[in-house]
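The numbers here are math on the coordinates, done by the rules we state, and not lab data. Computed from a predicted structure; not experimentally measured. Ideal geometry is used to build each Cβ from the backbone, glycine not excepted, and the neighbour counts take in all protein chains shown.
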Amino acid sequence: MKLRLHFVVDPMGWLCIGIVFGIWFYNTLFVPKLVLLPHYHEGHIPWALVVWYYIASALCVAALFRASLADPGRLPVDPHIPHSEREHWELCNKCNLMRPKRSHHCSRCGHCVRR
């Protein structure tokens, strides 16, 4: 499956992802110093737990960026419409492309998106 990147310049989206990234950064740097590392040095938890915390943290931020940059289901420019389904498609008033009836024109990305 091909991963198509989707990038939209949206100030509110940048603010939200900045806040989430800041919380992730705080939890990755300061929580281990305050909670995990003192317990590790006292011998209450194994080193593998500290390593798993950092691996889980890296996987969380990787999933965040992958979900943020993923294509939301944008319709192709030249869709192949079978003859039996032509009555279920309509013309978009804003982008002049054929789209299924259960799709809408997204005001943020400027394309027709499947629901």
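So what's the angle, to the nearest 10 degrees on a 0 to 90 scale, between helix 47-69 and the longest Cα principal axis of the chain?
Between helix and principal axis, roughly 20 degrees.
Taking the beta-carbon count within 10 Å as an exposure proxy, list W24, W47 from fewest neighbours to most.
Least to most surrounded, the residues fall as W47, W24.
Per the Kirkwood treatment, what hydrodynamic radius in Å, one decimal, follows for the chain from the mean inverse distance over all distinct Cα pairs?
Values: mean 1/r = 0.0556 Å⁻¹.
By the Kirkwood definition, the hydrodynamic radius is 18.0 Å.
Which residues in segment 96-115 place their backbone N less than 17 Å from a point set 7 Å from the Cα of I81 along the Cα-to-Cβ direction?
96-105, 112-115
Please give the helix 11-31 orientation as an angle from the longest Cα principal axis of the chain, in degrees from 0 to 90, rounded to the nearest 10.
The answer is roughly 20 degrees.
In nm, to one decimal, how far is the modelled label at V113 from the one at C92, with both set 7 Å along Cα→Cβ?
With each label placed 7 Å out from Cα toward Cβ, I get 1.1 nm.
Viscosity 0.692 mPa s, temperature 37 °C: what is the translational diffusion coefficient of segment 59-115 from Stokes-Einstein with a Kirkwood Rh over Cα pairs, rounded to a whole number of µm²/s? Before the final figure, lay out the partial values.
Details: Rh = 12.8 Å.
For the chosen part, D equals 256 µm²/s.
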